[in-house]
Amino acid sequence: DALNRYVDLLLGKLDEKGLFRANEMFADIRVGSHVEQSEDVSVITHAWLIKRLQQAIDIAIWSDIEDADIGRWTDARERMIAAFHDHLVVSGDIPYAADVLYADENRLEGKSQAAQLSAIEAGLFEKDHASELLSLFFPAPAGQAPETITPWNNPTYLYRSIKALSDHRMGERAMAHLKWRQSPYLPGSPDNLTPENL
């Protein structure tokens, strides 16, 4: 029952294009641009929920939940994937996921590491394309965000970064990224500005 209610709540926020429109999310994700109105679309949340919907489908199948409408859920997920590619990706030499679609102007804004990781984790980009995005948004040697790109700031994105880089044969960069991001907190690190007695 909880799973059915969760999916119904999710699908109730989809528009006719398959875009998840809501600004009522409780989250701490710092990106270049944020949703402002209930009609805006958070690209990060949209990608998260595509993955969550697949997990709900898997749970329903594995658990043999009789009243789960797996066909409707699968159709909705496919619509969300199509909407992602049709409306939430900025085109160019290397198309990338934006942070937000502002409904009032139908305008995409924001360029962040978090948006790419969310889309890659949800399987929304082909492997070669995902590798290109990681090279652009997490350049060698340590995956530090270029000046025009907002870095991730949520601890769960450390895991996502390391996993995505490792999955795309960038294991050395993943380790360098881990060391670089954590060095300000490690005792004895020259990047740790905390007085030694604290």
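Assorted remarks:
- Of the residues Trp62, Trp48, Trp180, ranked by 1.4 Å probe accessible area with the largest first, the sequence reads Trp62, Trp180, Trp48.
- Listed residues Leu19, Leu117, Leu158, most fluctuating in the chain (Gaussian network, C-alpha, under 10 Å): Leu158
- Measuring only protein heavy atoms, the 1.4 Å probe finds Glu105 accessible over about 110 Å².
- Of (1) 1.12; (2) 1.73; (3) 1.25, the label for Cα Rg over 2.2 N^0.38 Å derived from the coordinates: (1)
- Cα-centred dipole magnitude for the chain, charges only on beta-carbon of K, R (+1) and D, E (-1), debye, nearest 20: 660
- What the stretch 1-133 shows is 52 Å² of accessible area per residue, with the surface traced by a 1.4 Å probe over protein heavy atoms.
- Accessible surface of the stretch 1-146, 1.4 Å probe: 48 percent of it comes from carbon and sulfur atoms.
- Heavy-atom accessible area ranking, 1.4 Å probe, most first, across Val89, Val43: Val89, Val43
- Accessible surface of Asp104 - all protein chains present, 1.4 Å probe, nearest 10 Å²: 120
- Geometric descriptor of the stretch 118-182, per residue, is 79 Å³ (volume of the convex hull of the Cα atoms).
- Of the DSSP H helices in the chain, those that are both long (alpha-carbon extent of 18 Å or more along the helix axis) and hydrophobic (Kyte-Doolittle mean at least 0.5) are 43-63.
- Accessible area in the full protein assembly, largest first, 1.4 Å probe, for Met175, Met170: Met175, Met170
- In this structure, the residue pairs whose Cα-Cα separation is over 24 Å, taken from Lys51/Lys111; Lys17/Lys127; Lys51/Lys163; Lys17/Lys163, are Lys17/Lys127; Lys17/Lys163.
- Descending Cα extents along the principal axes, the stretch 69-138, whole Å: 39, 32, 19
The values are calculated or read from the model by the stated rules, or taken from the named source; none is laboratory data. Small disclaimer: the values here were computed from a predicted structure and weren't measured. Positions of Cβ are generated from backbone atoms using ideal geometry, with glycine treated the same way; all protein chains shown enter the neighbour counts. Only protein heavy atoms, including side chains, enter the accessible area calculation; ligands, DNA and RNA are left aside. Shrake-Rupley method; radii C 1.70, N 1.55, O 1.52, S 1.80 Å.
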